[in-house]
Amino acid sequence: MAARVLTRGALAVMALAAAVVGLTGCNEEQLKEEIITLQTRLRLAEAEKTDLERDKLALAGENARLKSDLDDASRKLAEKPAPPPPGDKDKFGEGIEWQEDARGVTVTLPGTILFDSGKAVLKSSSAATLNRIAAVIQQDYPGRIVRVEGHTDSQPIKKSGWKDNWELSCERSLAVVRHLVGRGLGQKQVYAAGFGEFMPRDTNATAAGRARNRRVEIVITR
């Protein structure tokens, strides 16, 4: 009888052990799957971290470039126009104003030197002045892009036949462009722009102020 009971106890222990083994095996499989999942997530996180670090470096470089550009722009804005050197005041021709600033070299010609009132055909007397300017550009500023800007006063167009001051300023700047190209400047080097009355030098509504605003500016860009 005792032997029979002992056998049943042994069988119970064996059954319990088997159950534990089975349960342990099931948990191991689950843990293995969980480990694989975590490893995959870890690799993805590491890859994302690498991308973020690369983006961070790129942004740092872009910020440095933008700061440098901003510093350059601020410095140029703060620069005051430099007057012509004392011994070189007639560089572009007698009586012609010019200055060097952030835009480049700006040559200012009063409208009366180039055109009759309300006209966009160059005076014959202006040829020598424009020829001198073309020669200086070719000699001292070869290859520079040149922008010819036409400007008028604010008086409305009445009898000249132009639609408005804008049209007149454009035609005047184009006439100067054609002359400069005829004197050897490249067609891809020089271009025309017309500002009408919208960029005045003098805001005083006097005859002298209006005369200062009627002009052509030749900008030899940097």
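For region 171-184, indicate whether the set of residues that are closer than 30 Å to S74 by Cβ and either out of contact with any helix residue (DSSP H, G or I) (no Cβ under 6 Å at 6 or more places or on another chain) or of a type in the set (K, R) (or both) is non-empty.
The first filter runs over region 171-184 and keeps only residues closer than 30 Å to S74 by Cβ, leaving none.
Within region 171-184, none of the residues are closer than 30 Å to S74 by Cβ and either out of contact with any helix residue (DSSP H, G or I) (no Cβ under 6 Å at 6 or more places or on another chain) or of a type in the set (K, R) (or both).
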Residue in region 170-181 that is under 30 Å from the mean Cα position of the chain (by Cα) and of a type in the set (S, T, N, Q) present | yes
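If I ask for residues that are acidic (D, E) and without any contact (Cβ under 8 Å) to a residue 60 or more places away in the chain, which ones from region 146-187 would you list?
Here is the first cut: in region 146-187, the residues acidic (D, E) are 149, 153, 164, 167, 171.
Answer for region 146-187, where residues must be acidic (D, E) and without any contact (Cβ under 8 Å) to a residue 60 or more places away in the chain: D164, E167, E171.
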Given V121, V219, V136, V190, which one is touching a residue at least 40 places away in the same chain (Cβ under 8 Å) and in contact with a Ser or Thr (Cβ under 9 Å, 6 or more places away or on another chain)?
-> V219
Among the residues of region 145-162, count how many are surrounded by fewer than 24 Cβ atoms within 10 Å (Cβ to Cβ) and either more than 28 Å from the chain's Cα centre (by Cα) or in a loop (DSSP other than H, G, I, E, B) (or both).
-> 11
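Under the condition of being among the basic types (K, R) and not in a loop (DSSP other than H, G, I, E, B), which residue from region 169-222 is farthest from F92 (Cα to Cα)?
Step one: filter region 169-222 for residues among the basic types (K, R), giving 172, 178, 183, 188, 201, 210, 212, 214-215, 222.
After this cut, where a residue has to be not in a loop (DSSP other than H, G, I, E, B) as well, the list is 172, 178, 210, 212, 215.
Values: R172: 19, R178: 18, R210: 24, R212: 19, R215: 15 Å.
Checking each candidate, the answer is R210.
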Out of A73, A18, A3, A58, sole residue that is small (G, A, S), within 30 Å of R222 (Cβ to Cβ) and at pLDDT below 85 = A73
Reported set for region 103-116 where residues are loosely packed, with under 15 Cβ neighbours inside 10 Å and without any contact (Cβ under 8 Å) to a residue 40 or more places away in the chain is D116
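The values are calculated or read from the model by the stated rules, or taken from the named source; none is laboratory data. Everything numeric in this text was worked out from a predicted model, so none of it was measured. Cβ: placed from backbone, ideal geometry, glycine included. Neighbour counts: every protein chain shown.
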